[in-house]
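Each remark here refers to the structure printed beneath this line.
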Amino acid sequence: MRVVHDIEEMRAISQKARAEGKTVGLVPTMGALHSGHIELARRAREECGIVIMSIFVNPIQFGPNEDYEAYPRTLKADAELAEEAGVDYIFAPDAKQMYPKEPLTSVDVGKLTEHLCGASRPGHFRGVATVVAKLFNITRPHRAYFGMKDAQQLRVLIRMNEDLNFGITIVPVPTVREADGLAISSRNTYLSREDRLRAVVLSRSLKLAERLVASGELDAGKIKSAMRDLIMSEVPDALIDYVEIVDDDTVQPIDKVDGKALVALAVRIGGTRLIDNVTVKA
Ligand code: PAF
């Protein structure tokens, strides 16, 4: 496995692989790899001739008061894990290469970014879509792998790929969970031992939503309120950013579950903002 820092070198490697008829797979990450990322890489390894994993902590997707500086940067350990998972190339540019000038061009995926994390993190998805468009242009993948834990990000990138005719197959990969149900995330490392145990309340509240829908409760307001009650009764000092039920395609809030819906939440536990989601069907 090779670590490539240079954009032009990465572009040449991908072009050569394409010319040789290989399927190029891209796994975009910000590093601090965990089993969720490894699952993306394994899947790409199974399906592609060459696997590129990008590792870039993208400054333009962090808000002014977010954890850009504190975000874990662990390239050496990441490289070992990526190699074990079968990655051929890590693409790890620095911010100066990715943004040599103030970027004046950005990708805005409109309505899909209005709610959920888009509402609480203004500009976040513009930053994500813009950097992923750049990564697509540099690495020219046939297939790109994204985790379903970032449900809104996944929908935004699928739509960007369609709207801008990238022609890439976007592969959604199911969320990897700890044994108790907590969705694996790089930010879980910020949790204290006690908060780590309490964080299971996110997946428990989603399970509750699933049970309610399965038992015929389709009123989104009632489901959300039951989820909120569960969270606040188990973790009274939790700060709920949002508990929302949206249409699975349009990501617009709905009053009644009818067809496929996305139940999503963001909750701060001990100061750490965690997200999770599940899709339900009536
Ligand atoms: O999901 C992430 O790690 C990031 O948002 C991504 C897609 C790599 C863009 O920086």
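The values are calculated or read from the model by the stated rules, or taken from the named source; none is laboratory data. This one's a predicted model, so the numbers in the text were calculated from it and none came from an experiment. Note that each Cβ is placed from the backbone with ideal geometry, even for glycine, and that neighbours are counted across all protein chains shown. Ligands, DNA and RNA are stripped out before the accessible areas are found, and what is left, the full protein with its side chains, is counted by its heavy atoms. Shrake-Rupley method; radii C 1.70, N 1.55, O 1.52, S 1.80 Å.
Out of the total accessible area of the chain (probe 1.4 Å, heavy atoms of protein only), what percent is carbon and sulfur?
On the chain, the fraction of accessible area on carbon and sulfur atoms equals 49 percent.
For a quick check, take a GNM of the chain with Cα springs below 10 Å and name the residue from Phe146, Phe91, Phe166 with the largest mean-square fluctuation.
Looking only at Phe146, Phe91, Phe166, the biggest GNM fluctuation is shown by Phe166.
Taking the Cα centre of the stretch 33-174 as origin and charging only Cβ (+1 Lys, Arg; -1 Asp, Glu), how large is the dipole, in debye to the nearest 20? Before the final figure, lay out the partial values.
Values: 16 positive and 18 negative charges, 62 e Å.
The dipole magnitude comes to about 300 debye.
All other residues with a Cβ under 14 Å from the Cβ of Ala77 taken together, and with Lys, Arg as +1 and Asp, Glu as -1, what is their net charge?
Values: positive: Arg73, Lys76; negative: Asp78, Glu80, Glu83, Glu84.
Residues close to Ala77 contribute a combined charge of -2.
Looking at the calculated P(r) for the stretch 63-205, what percent of the C-alpha pair distances fall above 25 Å? List each step's numbers first, then the result.
On the way: 3831 of 10153 pairs.
Within the stretch 63-205, distances greater than 25 Å cover 38 percent of Cα pairs.
When only DSSP loop residues count, what GluC sites (Glu not before Pro) in the stretch 41-76 have their Cβ near at most 16 other Cβ atoms within 10 Å? Present the calculation step by step, with values, prior to reporting the outcome.
On the way: sites: Glu46, Glu47, Glu66, Glu69; in loops: Glu66, Glu69.
Here the GluC sites (Glu not before Pro) that fit, given the DSSP loop and packing criteria, are Glu66, Glu69.
Just the ratio, please: alpha-carbon radius of gyration of the stretch 125-218 over 2.2 N^0.38 Å, N its number of residues. Don't jump to the answer; show the numbers that get you there.
Numbers: Rg = 16.8 Å, N = 94, 2.2 N^0.38 = 12.4 Å.
Computed over Cα atoms of the stretch 125-218, the ratio equals 1.36.
Restricting to the chain, compute how many DSSP beta bridges are antiparallel as a %, nearest 5.
Values: 21 of 40 bridges.
In the chain, DSSP labels about 50 percent of beta bridges as antiparallel.
Beyond 19 Å, how much of the Cα-Cα pair distribution for the stretch 165-271 remains, as a whole percent? Don't jump to the answer; show the numbers that get you there.
Numbers: 2827 of 5671 pairs.
Result: 50 percent of Cα pairs exceed 19 Å.
Nearest 20 debye, what's the magnitude of the dipole of the stretch 1-95 about its Cα centre given +1 on Lys and Arg Cβ and -1 on Asp and Glu Cβ? Intermediate results must be reported in sequence, preceding the final value.
Numbers: 10 positive and 16 negative charges, 68 e Å.
Value, rounded to 20: 320 debye.
Name the residue from Met98, Leu135, Ala19 whose Cα lies farthest towards the positive end of the charge dipole of the chain, charges +1 on Cβ of Lys and Arg and -1 on Cβ of Asp and Glu.
Ala19
I'd like the distance separating the alpha-carbon centroids of the stretch 140-167 and the stretch 14-29, in whole Å.
Measuring centre to centre over Cα atoms gives 17 Å.
Could you work out the per residue convex hull volume over the alpha carbons of the stretch 1-150, in cubic angstrom? Spell out each step's value before the answer.
Working: hull volume 17.6 nm³, N = 150.
Taking the convex hull of the Cα positions in the stretch 1-150, it is 117 Å³ per residue.
What is the diffusion coefficient of the chain in µm²/s, taking the Kirkwood radius over Cα pairs and the Stokes-Einstein relation at 25 °C with a viscosity of 0.890 mPa s? Walk me through the numbers before you get to the answer.
Details: Rh = 19.6 Å.
Roughly 125 µm²/s, to the nearest whole number.
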